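Everything below concerns the one structure shown next.
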Amino acid sequence: MASGKAVNHSAPPASYRDEPGYADSASRSSAVLDEVEATFPDEDPPPYEDTPSYTPLISPASTSVAARQSWSIPPPELPFSSHGMNREEYRTRFPNYSTNSSLLCQMIKEQALYPPSYFVQLSGSHQETRLDGNKETKDTIQDFHISVNLTHLLGGLGSGEVKLLADNQRGYRGTRIVSLKPTVSDESHGEQGTDELRKWCDQYVADKSGVKCFTLTRKIINHDTKKLEQLLRSAIAEINYRGHLSVSFPTQHSSLIVYSPGKINEWRITTWIRWVFYCTFLWLFSWPFLFLITSRYETVSVIYKYADSPPGDNVARKCTVMTEVDWFHRWQSAIKRAAIARMVCKDSVLDESFRIAAERADASVEAYRQRPELPSTVNAFADGAMGALGQGLRVASDHNASWGWGGDS
């Protein structure tokens, strides 16, 4: 996790003053103290307080939301497991899952408690053209790459809805192609109240196929990614970025596949063997072969709802944690600051501490802007220099804002 640091604002320099007369200063201080004592002769000094009285930079509501927010805990690792490069698909070939239906069912139920890891990524880049004699080359420069974890917006552990393949729905039911047969209800003669998940696990373990797999799928629905993308693009446009911006919503732990023991399944999930097949284009022959010999069970899925209804004109739409607009307002400042700082976080994400640091920095800047004007230095030359410096900084800021940054060159 990338942790941000609060922007340290040093105190403004003390105004220039000619060397004072120390005797005069001491006499004036004594006079002031005597006047205060005469005005309030019987009053005691204010009591000492351990807690300083000041206005917090972050509202209590914001801190309470941060305290309640539970960041994503990825599903527990399984024995004999591996995953793809993007961590979207996880695989295990632990032999006991293919020989013990009780153990398989228990593992599926435990894994179903965990939502998929959900992110939003913003990536900005531009192209630089270089001339080397008569040769022109274009290099792609990464300006920033920002990721924010959205998993907590799907609810806590166990908030997903487990769904099993319906009898009237086509799917892989231990078959090589999608089919309506067999069904677990056929075996129970239509009895209700039975554990269908356990029945599918029993059927998978009892399957005599030499190559088989059982899949758990995690899905996210009802998230208005289009609206959120528009809001994020508008935020990046406000910092006058002129490069190429891409916004995506990648997901990790989207599926878990249990492979039966055996050399074929061992080879198909071994990383270096997969790369050999990719590079030599042998996958063109191996993929149809694996497709035809594998008995697939894709009957279990877990649905995680961002909201109770799809995005649209439904004013009664209720989100699980917060709306897309509310999340954007909480994170837009942190995202802007990370982009301006040209942060490249490909293996980490902006965390809550970075967001709070950005919020504190905004509050400090706002307080600095609302401060009263500095008193005169009683020196015309110094006052003029400070005024010219401030005007120059404003002109430079306006110049940068008008031209922007990150454009192709």
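Nothing in this text is a laboratory measurement; each read-out follows from the coordinates by a stated rule. Nothing here was measured: the structure is a model prediction, and the numbers come from that model. Cβ sites come from the backbone with ideal geometry, for glycine too, and all protein chains shown count toward neighbours.
Here are a few things to note about the model shown:
- Where labels lie 7 Å past Cα in the beta-carbon direction, separation of residue 322 and residue 270 in nm: 4.8 nm
- Cα lying deepest toward the dipole's positive end in the stretch 60-369, options 168, 282, 114, charges on Cβ: 282
- Between residue 103 and residue 280, the simple label model (points 7 Å from Cα in the Cβ direction) yields a spacing of 3.4 nm.
- Electrostatic dipole magnitude of the stretch 201-353 [Cβ: Lys, Arg +1; Asp, Glu -1; Cα centre; debye, to 20]: 320 debye
- Using a Förster distance of 22 Å, the FRET efficiency for residue 87-residue 227 (Cβ separation, nearest 0.05): 0.25
- Charge dipole (debye, nearest 20) of the stretch 60-369; +1 at Cβ of Lys and Arg, -1 at Cβ of Asp and Glu: 480 debye
- Net charge dipole size for the stretch 224-306 [Lys, Arg +1 and Asp, Glu -1 on Cβ; Debye, nearest 20]: 60 debye
- Under the combined filter of DSSP loop state and at most 15 neighbouring Cβ atoms within 10 Å, the stretch 257-358 retains these chymotrypsin sites (Phe, Trp or Tyr not before Pro): 281.
- Fully extending the segment from residue 110 to residue 366 would add 87.4 nm, taking 0.36 nm per residue of separation and subtracting the current Cα-Cα distance.
- Taking 20 Å as the cut-off, the amide N atoms of the stretch 201-224 that come nearer than this to a point 7 Å along the Cα-to-beta-carbon line of residue 263 belong to 209-213.
- Between the C-alpha center of the stretch 139-188 and that of the stretch 329-351 there is a gap of 30 Å.
- Residues whose amide H lies under 5 Å from that of residue 210, counting only those 5 or more places away or on a different chain, are absent; hydrogens are built 1.01 Å from N in the peptide plane.
- Hypothetical label at residue 176: residues of the stretch 275-297 whose amide nitrogen lies under 13 Å (7 Å Cα-Cβ projection): 288-296
- Fewest-first ordering of 108, 177 by other beta carbons within 10 Å of each residue's beta carbon gives 177, 108.
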